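The values are calculated or read from the model by the stated rules, or taken from the named source; none is laboratory data. None of these values were measured; they are calculated from a predicted model. As a convention, Cβ positions derive from the backbone with ideal geometry for all residues, glycine included, and neighbour counts pool all protein chains shown.
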């Protein structure tokens with residue numbers, strides 16, 4: 001009897017070991033905090049994957065630069081250091097202008113146009129990331145942008161000579177064309193820059209304005225929309241292919257669903273944060289037709305400048321997008 005008992009225990013141990021071996025555990029890196037709508041989107045994505053695979057695939061999310069800094073996440077996914085990551089496409093604009101097409105002011109001025117631009121851009125991104133052994137699972141839009149100022153903005157003539165903080169070469173060029181003295185500064189340096197007089201205004205989203213408590217430095221937020229830059233969830237292709245086909249399909253489908261979740265949460269976050277600015281005493285408003293016309297003119301000029309550096313494939317994406325708006 002003892003022999004049979006031992007055999008039974010051994011068989012059970014083997015079964016448990018096999019079950020454990022069948023489980024796949026991935027790690028995902030992100031640069032944003034838990035309360036960000038980006039992270040909330042990723043949590044929803046992970047929940048769907050783990051539920052629909054019955055726990056066969058689990059994902060350990062490391063947000064807020066906890067494991068890998070945002071700018072290093074793409075490389076970490078490519079090398080297999082982590083299987084999944086969240087990136088901001090605009091970070092890679094020095095590699096190809098296509099990464100910053102959605103940063104050209106007023107090319108995609110609202111969420112509907114941003115979605116059309118996303119669809120037109122997908123084939124390019126799919127090919128680009130496939131070349132490096134990766135795949136884009138989801139596209140997540142930032143809320144639209146606006147100006148944080150200490151003065152009321154009418155037609156934009158008030159911008160002449162004002163010191164503006166911006167965050168990219170594209171927004172720097174936009175600021176200069178509007179008459180600002182535009183300076184690129186990291187997010188973390190914004191409060192000190194205001195207090196020392198290095199900057200007098202911001203161009204950013206209401207979300208970022210809330211994150212730095214913009215009401216401590218500004219009285220007005222003038223929403224222009226202007227651009228909806230995108231983040232993305234990317235995956236190491238080899239890791240994906242190592243899964244059973246059924247599990248691969250779950251991951252891919254969850255990624256598509258995450259795109260829809262992100263679009264919804266981004267719009268909700270935009271509305272919520274504008275209300276938050278108002279609750280802290282700021283005056284918020286949409287840009288006047290005069291200012292939007294000026295932004296559109298600058299956008300046209302910057303679009304032509306963008307095309308000079310873009311590849312034929314990039315220009316084709318832009319042409320397809322513009323055709324889809326007609």
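Observations on the structure shown:
- Screening residue 193 against (1) crowded, with 20+ Cβ neighbours inside 10 Å; (2) more than 16 Å from residue 291 (Cβ to Cβ); (3) modelled with pLDDT under 95; (4) touching a strand residue (DSSP E or B) at 6+ places or on another chain (Cβ under 9 Å) leaves a single unmet condition, (1).
- First in region 63-92 and without any contact (Cβ under 8 Å) to a residue 60 or more places away in the chain, second anywhere and in a loop (DSSP other than H, G, I, E, B) and surrounded by fewer than 16 Cβ atoms within 10 Å (Cβ to Cβ), Cβ under 8 Å, 6 or more apart: 63/33; 63/34; 64/33; 64/34
- Where residue 137 falls short, out of the listed (1) in contact with a strand residue (DSSP E or B) (Cβ under 6 Å, 6 or more places away or on another chain); (2) closer than 23 Å to residue 292 by Cβ; (3) at pLDDT 95 or above; (4) surrounded by fewer than 24 Cβ atoms within 10 Å (Cβ to Cβ): (2)
- Apart from one condition, residue 203 fits all of (1) in a helix (DSSP H, G or I); (2) assigned by TED's automatic domain parsing to the domain that holds residue 298; (3) in contact (Cβ under 8 Å) with a residue 40 or more places away in the chain; the exception is (1).
- Pick from region 216-245, criterion part of a helix (DSSP H, G or I) and modelled with pLDDT of 95 or more, ranking: farthest from the chain's Cα centre (by Cα): 245
- Checking residue 117 against (1) in a helix (DSSP H, G or I); (2) more than 15 Å from residue 230 (Cα to Cα), the condition it does not meet: (2)
- Consider region 150-179 and keep the residues that are without any contact (Cβ under 8 Å) to a residue 24 or more places away in the chain and within 26 Å of the chain's Cα centre (by Cα). The one that is farthest from residue 293 (Cα to Cα) is 172.
- Candidate set: region 47-70, residues that are part of a helix (DSSP H, G or I) and surrounded by fewer than 20 Cβ atoms within 10 Å (Cβ to Cβ); chosen: the one nearest to the chain's Cα centre (by Cα): 70
- Among (1) over 30 Å from residue 81 (Cβ atoms); (2) touching a helix residue (DSSP H, G or I) at 6+ places or on another chain (Cβ under 7 Å) - the single one residue 135 does not satisfy: (1)
- For region 272-295, filtering for residues that are surrounded by 14 or more Cβ atoms within 10 Å (Cβ to Cβ), in a helix (DSSP H, G or I) and in contact (Cβ under 8 Å) with a residue 12 or more places away in the chain leaves 8.
- Checking 18, 103, 36, 30 one by one, the residue that is under 20 Å from residue 256 (Cα atoms) and at pLDDT below 95 is 36 and no other.
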